[in-house]
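What follows is a short report on a single structure.
Just so you know, all these numbers are worked out from the coordinates, no wet-lab data involved. Bear in mind that the values here come from a model prediction, so they are computed numbers and not experimental data. Backbone-built Cβ (ideal geometry, glycine too); neighbour counts: all protein chains shown.
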Amino acid sequence: MIPYLLVVRRTFSVDVTILLILCIALLQLLVQLVYFLHLNTKSEQRWNLIVFIFTVIIVAIIGVGSLWIMHHLEINMMPGPELEKAIILDEGMMDGSH
């Protein structure tokens, strides 16, 4: 409810609102991990914590890697205006007078 009210009431600037929403999301994640998944530092829960941390690392690697690949594909696969004009002329779509 708090993030919703932050956005609707526009009390803070956009940057501050985004930062507050991220902090509230992190707090909610921690509460859910402790109270619903019962992850804590007790010895019997240590393996669950290790598996959770490993899962977070793998998801982060996949997420960051995917974003990195998509960013480089966008940069390297998008033709510039010169190449686009050359392709159009080569295909005979324009007569070259434009």
message: How tilted is helix 81-91 with respect to the longest principal axis of the chain? Cα atoms for both, answer in degrees (0 to 90, nearest 10).
response: 50
message: Taking θ = phi - 60°, what integer Hz values does the Karplus form 6.51 cos²θ - 1.76 cosθ + 1.60 yield along the stretch 6-15, in sequence order, with x for Gly and Pro?
response: 4, 6, 5, 7, 6, 6, 10, 5, 4, 5
- line: Taking MET70, MET77 and counting other beta carbon atoms within 10 angstrom, the fewest-first order is MET77, MET70
- prompt: Which value, in debye to the nearest 20, describes the size of the charge dipole of the chain about its Cα centre when Lys and Arg Cβ atoms bear +1, Asp and Glu Cβ atoms bear -1, and nothing else is charged?
  reply: 960
field: Positive-end residue of ILE57, HIS71, LEU89, charge dipole of the stretch 41-98 with Cβ unit charges
entry: ILE57
- request: Please work out which option in (i) 8.9; (ii) 6.4; (iii) 12.0 gives mean projected area of the Cα convex hull in nm² calculated from these coordinates, and answer with its label.
  value: (iii)
